[in-house]
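Some notes on the structure that comes next.
Just so it is clear, none of the values below were taken in a lab; they were calculated from the coordinates. Note that this is a predicted model, so its numbers are computed, not measured. Because the Cβ atoms are built from the backbone with ideal geometry, glycine has one as well, and the counts that use them run over all protein chains shown.
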Amino acid sequence: MTTHHDSDAAPDRSSAAWDDDGEAVRREAGTTESSRANRHWWDRNADEYQDEHGGFLGDARFTWCPEGLDEAEARLLGDPAALRGRTVLEIGAGAAQCSRWLAAQGARPVALDLSYRQLQHSRRIDEDLGLRPVPLVQADATVLPFADASFDLACSAYGAVPFAADTALLMREVRRVLRPGGRWVFSVTHPIRWAFPDEPGPEGLTALSSYFDRTPYVEQDERGRAVYVEHHRTMGDRVRELTSAGFRLVDLVEPEWPDGLTQEWGGWSPLRGRYLPGTAVFVTVAD
């Protein structure tokens with residue numbers, strides 16, 4: 001799971017993750033600027049991210065979100081027994097924890113990420129565990145380096161989608177590399193969260209921004225250069241992107257905060273989880 005908070009989680013729009021002389025703003029940021037900024041950000045912060053969140057993510061666990069929804073129970077990609085032999089593309093894989101779980105079920109995953117340093121952590125985990133290495137590819141999710149109809153399934157746990165400026169293109173690329181009938185399942189910050197401050201306490205329960213404002217969130221340095229970018233889409237935007245790309249939406253999962261989970265993750269917390277959805281998981285099938 002990869003987010004500003006996680007391998008896989010969501011943007012901490014209140015963090016001071018940029019340089020001391022920088023600032024957080026809402027402004028336009030195109031494809032090239034977003035891709036460059038986020039690649040450098042994850043390369044710089046991969047070590048800290050894995051140190052902070054590696055325990056929650058596990059080395060070979062497939063968790064969709066900070067709410068702790070696990071694929072082993074949710075089965076959004078299908079029955080685990082049916083994964084054996086299936087080719088799976090994990091997009092925005094971080095250290096490939098989800099791909100490692102898929103491999104343990106007998107699937108044949110490929111882990112793709114924009115960040116070279118994140119992929120180095122994947123290789124480190126495989127070596128530490130003595131496992132056969134997960135196949136890794138460093139690439140932008142909007143320009144997938146695979147032939148048409150190469151994969152049976154595709155998945156992403158908070159990876160790539162929130163960070164891409166042109167998510168309509170990303171959806172078309174995923175559809176291109178999937179075989180007909182293949183599932184594309186991905187989790188992102190629930191769109192409604194963009195109207196609220198990204199704070200775990202009571203201040204995060206009051207809407208201060210417009211849900212309909214699609215202006216990107218940008219952390220920039222003192223020269224105005226983006227060092228981190230996230231892009232917002234409404235729920236309707238996501239559905240239209242998917243259907244236009246040739247996907248059929250079969251489920252939309254909004255995980256509730258589970259009893260007993262006390263760990264906070266950036267703006268995710270037991271308090272906010274009782275009142276606001278934090279994650280949206282889109283379950284789709286390629287027509």
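Here is how the numbers come out for the structure above:
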| read-out | value |
| --- | --- |
| Rg followed by Dmax, in Å, when region 29-173 is reduced to its Cα trace | 14.5, 42 |
| Cα gyration tensor of the chain - equivalent ellipsoid semi-axes, whole Å, descending | 27, 20, 20 |
| Sites A104 and L261 - FRET efficiency at Förster radius 22 Å, r taken between beta-carbons, to 0.05 | 0.40 |
| Gain on full stretching of the segment that runs from R214 to E127 - 0.36 nm per residue minus C-alpha separation | 27.1 nm |
| FRET efficiency estimate (nearest 0.05) - Cβ-Cβ, E48 to E28, R0 30 angstrom | 0.60 |
| Model label zone, R176; criterion: amide N under 15 Å from point 7 Å along Cα-to-beta-carbon; scope region 128-146 | 139-146 |
| Cα long-axis angle, helix 116-129 against the chain (0 to 90 degrees, to the nearest 10) | 50 degrees |
| Average Cα contact separation per residue, region 23-286, under 8 Å, 6 or more apart, as relative contact order % | 22 percent |
| T167, T284 arranged by Cβ crowding within 10 Å, fewest neighbours leading | T167, T284 |
| D237-L169 pseudo-label distance in nm [points 7 Å out on the Cα-to-Cβ vector] | 1.6 nm |
| Over region 129-201, relative contact order from alpha-carbon pairs under 8 Å, at least 6 apart, % | 37 percent |
| Long-range amide H partners of T279 with built H, under 5 Å | H190 |
| DSSP bridge orientation in the chain - percent antiparallel, rounded to nearest 5 | 60 percent |
